[in-house]
Amino acid sequence: MRGRRSGVLALTFVLLLAGGCDDPFAPPKPDRSAIAAAQHEIAATPPPRGQERGLAADQAMLGRVATRLTVAAHPLCRAELGRDCSFRVTLVPSPGANAFASGRNDVAVTTGMMRLLDNEDEQAAVVAHEFAHHIAEHIAEGGWRTQAGALAGALAGAALGALATEALGVDLGIGRIGAQAGAQAGRLAYSKADEREADYLGAFIMGRAGFDLDRAGVLWAKLTHLSGKGTTALLDSHPAGPERLAAWRRTVEEIRANPNAMPRRDR
């Protein structure tokens with residue numbers, strides 16, 4: 001019985017890992033020297049200053065940027081999803097600097113994020129990143145990984161719980177704890193990889209839309225100043241700013257070498 005349970009558990013973990021290997025893209029992997037150069041660039045960038053645009057100006061800016069990016073994203077949407085994309089971009093009144101993708105086509109940008117942005121190139125980096133999450137289907141994959149992680153954790157917890165109950169005569173609730181831990185592991189398992197892909201695809205969308213990719217890179221310096229995180233930790237959901245900026249600069253070189261190319265895949 002114990003061997004059968006272990007076999008089911010092993011199969012579950014294999015399926016969990018397979019869920020994150022669906023022909024991913026191949027964003028550049030910056031080396032230490034590139035990350036060090038990005039750290040120096042970030043240190044030389046002044047901390048962000050709050051902009052004084054009104055709500056109407058923010059909405060107009062967001063609308064212009066979203067329209068240009070949506071048109072530029074169509075080739076990627078057709079290649080990845082087999083259809084054009086129709087994004088809904090909303091400005092959300094909130095002081096926190098945030099942007100997120102949800103549902104099938106929805107993107108939200110907070111007024112707090114808008115306060116950080118000096119120009120439409122930086123704004124485009126934010127919006128294109130969220131478009132890329134939809135195009136790469138990260139939202140659906142994240143939900144599946146959470147469910148699979150919960151199942152794997154529950155199975156592992158059940159096996160350990162049975163041993164504990166047999167030894168101690170007490171149910172310690174390890175199965176429930178395992179399910180919670182597995183769900184959390186599923187959420188984090190590929191999240192940094194998803195963010196790297198979204199940065200990478202977002203740059204290609206921006207390039208096709210004609211935005212200034214060099215100026216847009218300042219966004220990662222600003223976000224690093226806000227977070228204070230200079231290195232990527234194991235349980236972080238996003239890569240740290242220096243890594244993102246270094247990868248961005250490498251992606252810009254790739255795009256300039258062949259502006260009409262599609263993003264590379266990790267085959």
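No value in this document is a laboratory result; all are computed from the given coordinates. Small disclaimer: the values here were computed from a predicted structure and weren't measured. Neighbour counts are summed over all protein chains in view; Cβ atoms, including those assigned to glycine, are modelled from backbone coordinates with ideal geometry.
For the stretch 83-120, the residues whose amide N sits under 16 Å from a probe point set 7 Å from the Cα of Glu52 along the beta carbon direction are 115-118. Each Lys and Arg contributes +1 and each Asp and Glu -1, all at the Cβ; summed about the Cα centre of the stretch 79-130, the dipole is approximately 280 debye. For the peptides 208-215, 246-253, residues were scored by their other Cβ atoms within 10 Å and the scores averaged per peptide; the highest-first order is 246-253, 208-215.
Among Met113, Met61, rank each residue by its count of other Cβ atoms within 10 Å, from fewest to most, as a rough exposure measure. The partial results should precede the final answer.
Working: Met113 24, Met61 18.
Lowest to highest Cβ neighbour count: Met61, Met113.
Between the amide H of Asp106 and those of Arg88, distances stay under 5 Å, these residues lying 5 or more places away or on another chain, with hydrogens modeled in the peptide plane.
Out of the stretch 16-111, which trypsin sites (Lys or Arg not before Pro) are coil in DSSP terms and have no more than 11 other C-beta atoms within 10 Å? Let's see the in-between values first.
Values: sites: Arg32, Arg49, Arg53, Arg64, Arg68, Arg78, Arg83, Arg88, Arg104; in loops: Arg49, Arg53, Arg83, Arg104.
Passing sites in the stretch 16-111 are Arg49, Arg83.
For the stretch 34-44, the Karplus equation 6.51 cos²θ - 1.76 cosθ + 1.60, evaluated at θ = phi - 60°, returns couplings of 5, 5, 4, 4, 5, 4, 5, 5, 5, 4, 7 Hz by residue, with Gly and Pro reported as x. Ordered by the number of other Cβ atoms lying within 10 Å of each residue's own Cβ, fewest first, Glu130, Glu137 fall into the sequence Glu137, Glu130.
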